[in-house]
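Q: The following block contains the structure, expressed as structure tokens.
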Amino acid sequence: MQASPLSEFFLEGREFLVKRDELFDPFLSGNKYRKLHTLLHTPKNRYKKIISYGGTQSNAMLAIAAMCKQKGWQFVYYTKPLSRVQKEQTFGNFYQAVALGMEHIALESSLYKEYIASLSVLKEEYTYIIDQGGADVNAHEGLEVLAQEIQSNDGGVKSLATPSGTGTTALFLARALPKYRIYTTPCVGDVAYLKEQMNALASIPANLIILEPQKKYHFAKLYPEFLAIYQKTKAAGIEFDLLYAPAMWLALLAQTQEKILYIHSGGVSANESMLARYSQKFSL
Ligand SMILES: *Cc1c(COP(=O)(O)O)cnc(C)c1O
């Protein structure tokens, strides 16, 4: 696989570089592509079925669906019940994942937690379980490949940035690149929760800097300033996702000064359904 390219990017009078990890594939891209590296390089006959669970519009879900289609693996995905709007939608990550062959199982909300906890106990042969959001200990291998690509072409920049959900990407990247400063910000929960999630995977190195958001944001909620920075970055030439990137860009613009290499984390496929929500809420 070829290395993803770097692009110059100018925003609010500052110069950035963007590592274009969103360009790999429309569905299997960004950090989900990196996290699935090990499975993507696993021989087809090693597994028959992949199981995962989590959000109904998750980028990880869509990336896994695209991988399973490529590999000829069955993909079973568990969620809480879908909203009626989502069931009927003919666009968005869920719709695309089903079109790629994903088998969806909606669990009653009251049973969800217990059932998910039992998945690893019930696991059959030739089956692999990927935790929510692709938070997998094997994710480090793909992030080491990304780290090597950066080391061989960093445009002279020593500060990197990428937004966090589970924190898997930022953590393994920081561990693989001790000579660089890695900025991230929590998009799901607060700084304490992010640190807890990271510590469950591996110890947090000193070169990983977690920027506190300017205000408390709730994941997948709609904020006018998120839409505004999305539009600004798009007008500047690169489309980013609406769930994670806005908080990262806002934190970088407010709290850093140096030239930064931003690692595009993907997720652009979810923008159509997010923009539909934005236009309904703010009657655009
Ligand atoms: C999943 C995702 C993230 C968060 O990645 P983690 O490794 O879970 O921290 C960030 N940005 C986008 C677009 C994502 O899809």
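Q: Taking region 243-268, which residues are near the ligand (Cβ under 9 Å from one of its atoms) and touching a helix residue (DSSP H, G or I) at 6+ places or on another chain (Cβ under 6 Å)?
A: Scanning region 243-268 gives His264, Ser265, Gly266, Gly267, Val268.
Q: Look at Gly133 and say whether it is at pLDDT below 95 and out of contact with any Cys (no Cβ under 6 Å at 6 or more places or on another chain).
A: Yes; evaluated as a whole, the condition is true for this residue.
Q: Here is a follow-up. Can you tell me how many residues within region 35-51 are within 16 Å of the ligand (Cβ to nearest atom), crowded, with 17+ Cβ neighbours inside 10 Å and more than 15 Å from the chain's Cα centre (by Cα)?
A: The total comes to 1.
Q: Counting residues that are over 29 Å from Ala174 (Cβ atoms), which helices (runs of 4 or more DSSP H) fully inside region 58-154 reach at least 3?
A: Where helices (runs of 4 or more DSSP H) fall fully within region 58-154 and carry at least 3 residues being over 29 Å from Ala174 (Cβ atoms), they are 59-71, 84-88, 93-99, 109-122.
Q: Okay, next question. Do we find that Glu272 is in contact with a helix residue (DSSP H, G or I) (Cβ under 7 Å, 6 or more places away or on another chain), surrounded by fewer than 17 Cβ atoms within 10 Å (Cβ to Cβ) and in contact (Cβ under 8 Å) with a residue 12 or more places away in the chain in this structure?
A: Against the criterion (in contact with a helix residue (DSSP H, G or I) (Cβ under 7 Å, 6 or more places away or on another chain), surrounded by fewer than 17 Cβ atoms within 10 Å (Cβ to Cβ) and in contact (Cβ under 8 Å) with a residue 12 or more places away in the chain), Glu272 does not qualify.
Q: Kindly evaluate Val121 against the criterion of being touching a His at 6+ places or on another chain (Cβ under 7 Å) and surrounded by fewer than 16 Cβ atoms within 10 Å (Cβ to Cβ).
A: It is false that Val121 is touching a His at 6+ places or on another chain (Cβ under 7 Å) and surrounded by fewer than 16 Cβ atoms within 10 Å (Cβ to Cβ).
Q: Taking Ala174 as the residue in question, decide whether it is touching a strand residue (DSSP E or B) at 6+ places or on another chain (Cβ under 6 Å), more than 18 Å from Ala245 (Cβ to Cβ) and either in contact (Cβ under 8 Å) with a residue 24 or more places away in the chain or not charged (D, E, K, R) (or both).
A: Spelling it out, Ala174 is indeed touching a strand residue (DSSP E or B) at 6+ places or on another chain (Cβ under 6 Å), more than 18 Å from Ala245 (Cβ to Cβ) and either in contact (Cβ under 8 Å) with a residue 24 or more places away in the chain or not charged (D, E, K, R) (or both).
Q: Any chance region 220-238 includes a residue that's within 11 Å of the ligand (Cβ to nearest atom) and either under 20 Å from the mean Cα position of the chain (by Cα) or part of a loop (DSSP other than H, G, I, E, B) (or both)?
A: No, region 220-238 contains no residue that is within 11 Å of the ligand (Cβ to nearest atom) and either under 20 Å from the mean Cα position of the chain (by Cα) or part of a loop (DSSP other than H, G, I, E, B) (or both).
The values are calculated or read from the model by the stated rules, or taken from the named source; none is laboratory data. Owing to the predicted nature of the structure, the values given are computational and were not obtained by experimental measurement. Backbone-built Cβ (ideal geometry, glycine too); neighbour counts: all protein chains shown.
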